[in-house]
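A short write-up of the structure that comes next.
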Amino acid sequence: QTVKTFKSFKILKNGYYSILTQDPNKSIFGAHMGTYTVMDNEYSENFIIHKQADQINKSASFTFKIENEKWFIYSEKIVEVWERVK
C-alpha cells in the first residue's frame, strides 16, 4: 500500500538516528531514535526510544540501495524512499 501523505524526517549522525513521522490526514504520529549500523547493503536500527514501548531494545533491519540521489530501504513489510534535505 502506498502512503503519500506521510511526512518523515530522519537524521543520521555519528552512529545515531532519530525519526519523526506524521500523517496529518489520519492523526498518526510516530517517533523513535537509537543507534544504526550499515554493513554492505544492510541498514539496521536499534531502538533506544520508541513510541511503542514494546519496541524498546529491539531492532529492525533493511536492505538498501542509493540511486539517483534517493535512498531506498526495503524490508518484508515496507519500501521507503528517502531524499536528502540540504
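Data table
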quantity: Tabulated pairs, segment 64-84, first closer than 14 Å to Glu42 by Cα, second small (Gly, Ala, Ser), C-beta under 7 angstrom, 6+ apart or interchain; calculated: Ser75/Ala60
quantity: Thr5, sole failed condition from (1) touching a strand residue (DSSP E or B) at 6+ places or on another chain (Cβ under 6 Å); (2) assigned to a strand (DSSP E or B); (3) open to solvent by less than 100 Å² (accessible area, probe 1.4 Å); calculated: (2)
quantity: Test result for Val85, out of contact with any strand residue (DSSP E or B) (no Cβ under 7 Å at 6 or more places or on another chain), under 14 Å from Leu12 (Cβ atoms), open to solvent by 70 Å² or more (accessible area, probe 1.4 Å) and at pLDDT 95 or above; calculated: no
quantity: Members of segment 17-60 found to be of a type in the set (Gly, Ala, Ser) and within 24 Å of Thr5 (Cα to Cα), listed by number; calculated: Ser18, Ser27, Gly30, Ala31, Ala60
quantity: Residue that is modelled with the lowest pLDDT [pool: residues in segment 12-61 that are surrounded by 12 or more Cβ atoms within 10 Å (Cβ to Cβ) and among the acidic types (Asp, Glu)]; calculated: Asp23
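The values are calculated or read from the model by the stated rules, or taken from the named source; none is laboratory data. Computed from a prediction, not measured in an experiment: that's the story for all the values here. We place every Cβ from the backbone using ideal geometry, glycine too, and count neighbours over all the protein chains shown. Ligands, DNA and RNA are stripped out before the accessible areas are found, and what is left, the full protein with its side chains, is counted by its heavy atoms. Shrake-Rupley method; radii C 1.70, N 1.55, O 1.52, S 1.80 Å.
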